[in-house]
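Here's the structure we're looking at; comments come further down.
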Amino acid sequence: MSTEIELSLSLSPSQNAEFKRKVAKLLPQASKPVEQPLVSIYYDTPALDLAKRRMGLRLRQQGNQWIQTVKFGQKGGGGLNARTEVEHITHGQMLELANIGHVEARDFLCDDKIATRLQPTFATRVVRTQWEVEDKQGNVVEIALDVGHIECDGRKHPINEVEIELKHGTTEAVFTVALMLARNFALLPQQRSKAERGYRLFEQIPTTPVGAQDVPLDPEMTPHQARRVIMLECMRQLQFNLVELGQGDDMEFVHQARVAIRRMRSADKAFAALPTDSVWNQLETKLQALAQQLGEIRDRDVLVRETIAAVEPSLAHRVKLEPVKKHLMTQREALMRAMREDLDSPRIGMLLLQVLHWLYQEPPANAEEDKLRAFTRDALNRRANSVDKLARRWHKLNEEQRHTLRKQVKKLRYAAEFFASLYDADKVKKYLSSQQAMQKVLGTMNDAAVCRHMLETLASQHPETAFAGGAVAGWYEHIDMESSQQTEQALESLKEARPFW
């Protein structure tokens, strides 16, 4: 029995040949590559009892041998996982459940309700090219390039990924190798294992935009640990959505990727009481640039597919909106091409790996940390006070300051969501609902400002769009005025909200 610590990274098939050529150059201490085909058959019951327990059972053909492996438990995130692994060589292509060297796993799998219903669920077929790297400190890391597919009932899903597994030593060695390779290849941290993708193929689960999920926090966690868990959840949301950009109707993928960065940066602000870190400051600047890149695409999506779509029935008979939409979508396509080029270059994968590496750094040994509940109360009070100061001066705020208030309200909402599991669920829900009206009003007003700016810029570039753009902006001015009138009520609701902390 051992603990498998592994980092999974996707790689474009177009880079496979270059990857094989360059490993020895980038990592001179690497062994000569070994190439072999691997066939893995994954088992479960028709009710997927193993999957529900986050357990995996497979038979793998490796040369002339068949190896049975049981995996269970999962720690980490963002593409780095540590799972308990129990394996042994079998007498041919057959399960040998009684020989599993872990009592609880063996008892579960040998139970008649499970053992009698186990059946092949899906399989993977890959050609693996493998290197072993030993550094000067004695850490041993295995690099594997897997190329092939997952298959299930005639359906297939491609596999093209790099796995970096720790064989001996510290997890830092995994990141050292990964970062060296990521400087030269577009390696994006892969959230889903082959088994997870296999189950999705088996259940025929379509790829859809991934939103934020609740973050379960343990009151016994330190603030550093809580920050890691929260920011890894933000990374999960970002990674899942980034890989789908430029594929079909990706409007919501763009939105969710942008939200993920916003949440990650808000999480950092929620933990601002922790010691500052120059490494994170540099990474946050790069994340902000990525968010801006996504924002340029998102703004055009909203303007064309929401704003203009809403006003078009009223204006179409007297204003030609098609040229406006055409120019905006042409801009969007150019922005998306640039985004895809960045995803196919080392830049974004390197950034995600650097953030992941930073998240797994341990705090200084002498770091003194408050109890988590006390820490979160202070953090929520700071966020609430920032909102209150601006909200009380609402009538004196200019457009930029109102936008700042909107961002502060969002940061408060995110902080409340991050820490929600530590408090009474009903009180948290009631508090968050009190913010919804204010967020909606401020969001509409911000959309109006963005709309005006984009249409003015478009008119300066393409004068023929000026009249139609002005008509759309005028319609939004009316909506903006209505939102201003609703602000007072929203502010009152915000002021009356009773903190749950």
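Observations on the structure shown:
- Test for Gln461: is it open to solvent by 20 Å² or more (accessible area, probe 1.4 Å) and within 30 Å of Ile230 (Cβ to Cβ): no
- Test result for Thr444, crowded, with 19+ Cβ neighbours inside 10 Å and either more than 23 Å from Glu306 (Cβ to Cβ) or β-branched (Val, Ile, Thr) (or both): no
- Of all residues in the stretch 32-54 being charged (D, E, K, R) and surrounded by 15 or more Cβ atoms within 10 Å (Cβ to Cβ), the one that is farthest from Trp66 (Cα to Cα): Asp49
- Every listed requirement among (1) open to solvent by 10 Å² or more (accessible area, probe 1.4 Å); (2) modelled with pLDDT under 90; (3) under 25 Å from the mean Cα position of the chain (by Cα) is met by Val409 save one, (1).
- Screening Lys495, Lys430 for residues that are closer than 30 Å to Arg228 by Cα, more than 26 Å from the chain's Cα centre (by Cα) and open to solvent by 60 Å² or more (accessible area, probe 1.4 Å) leaves exactly one candidate, Lys430.
- First in the stretch 9-31 and open to solvent by less than 20 Å² (accessible area, probe 1.4 Å), second anywhere and polar (S, T, N, Q), Cβ under 6 Å, 6 or more apart: Leu9/Gln190; Leu11/Asn160
- Taken over the stretch 74-94, the criterion of being closer than 21 Å to Glu196 by Cβ and surrounded by 15 or more Cβ atoms within 10 Å (Cβ to Cβ) is satisfied by Gly76, Gly77, Gly78, Gly79, Leu80, Asn81, Ala82, Arg83, Thr84, Glu85, Val86, Glu87.
- One residue alone among Val127, Val133, Val86 is touching a Leu at 6+ places or on another chain (Cβ under 7 Å), among the aliphatic types (A, V, I, L, M) and part of a strand (DSSP E or B), and that residue is Val133.
- Here is the figure for the stretch 409-465: residues that are of a type in the set (A, V, I, L, M) and free of Cβ contacts under 8 Å to residues at least 40 places away in the same chain total 5.
- The stretch 191-205: number of residues that are free of Cβ contacts under 8 Å to residues at least 60 places away in the same chain, of a type outside the set (Asp, Glu) and either assigned to a helix (DSSP H, G or I) or in contact with a helix residue (DSSP H, G or I) (Cβ under 9 Å, 6 or more places away or on another chain) (or both): 4
- Residue in the stretch 338-350 that is open to solvent by less than 60 Å² (accessible area, probe 1.4 Å) and over 23 Å from the mean Cα position of the chain (by Cα) present: no
- Those residues of the stretch 433-456 which are among the aliphatic types (A, V, I, L, M) and either closer than 23 Å to His395 by Cβ or within 28 Å of the chain's Cα centre (by Cα) (or both), in sequence order: Ala437, Met438, Val441, Leu442, Met445, Ala448, Ala449, Val450
- Residues within the stretch 147-164 that are acidic (Asp, Glu) and either surrounded by fewer than 18 Cβ atoms within 10 Å (Cβ to Cβ) or more than 23 Å from Lys25 (Cβ to Cβ) (or both), tallied: 2
- Qualifying positions in the stretch 304-327 - under 33 Å from the mean Cα position of the chain (by Cα), closer than 14 Å to Tyr476 by Cα and of a type outside the set (A, V, I, L, M): Glu306, Thr307
- Selection within the stretch 167-214 - within 16 Å of the chain's Cα centre (by Cα) and open to solvent by 70 Å² or more (accessible area, probe 1.4 Å): Thr207, Thr208, Gln213, Asp214
- Residues of the stretch 210-228 satisfying the condition of being out of contact with any helix residue (DSSP H, G or I) (no Cβ under 9 Å at 6 or more places or on another chain) and under 30 Å from Phe253 (Cβ atoms): none
- Qualifying residue in the stretch 32-53 (condition: modelled with pLDDT of 95 or more, closer than 30 Å to Gln354 by Cα and touching a Phe, Trp or Tyr at 6+ places or on another chain (Cβ under 7 Å)): yes
The values are calculated or read from the model by the stated rules, or taken from the named source; none is laboratory data. In this text, all values refer to a predicted model and were calculated from it rather than measured experimentally. As a convention, Cβ positions derive from the backbone with ideal geometry for all residues, glycine included, and neighbour counts pool all protein chains shown. The protein model used for the area step is the full one, side chains on, heavy atoms only, and it has no ligands, DNA or RNA in it. Shrake-Rupley method; radii C 1.70, N 1.55, O 1.52, S 1.80 Å.
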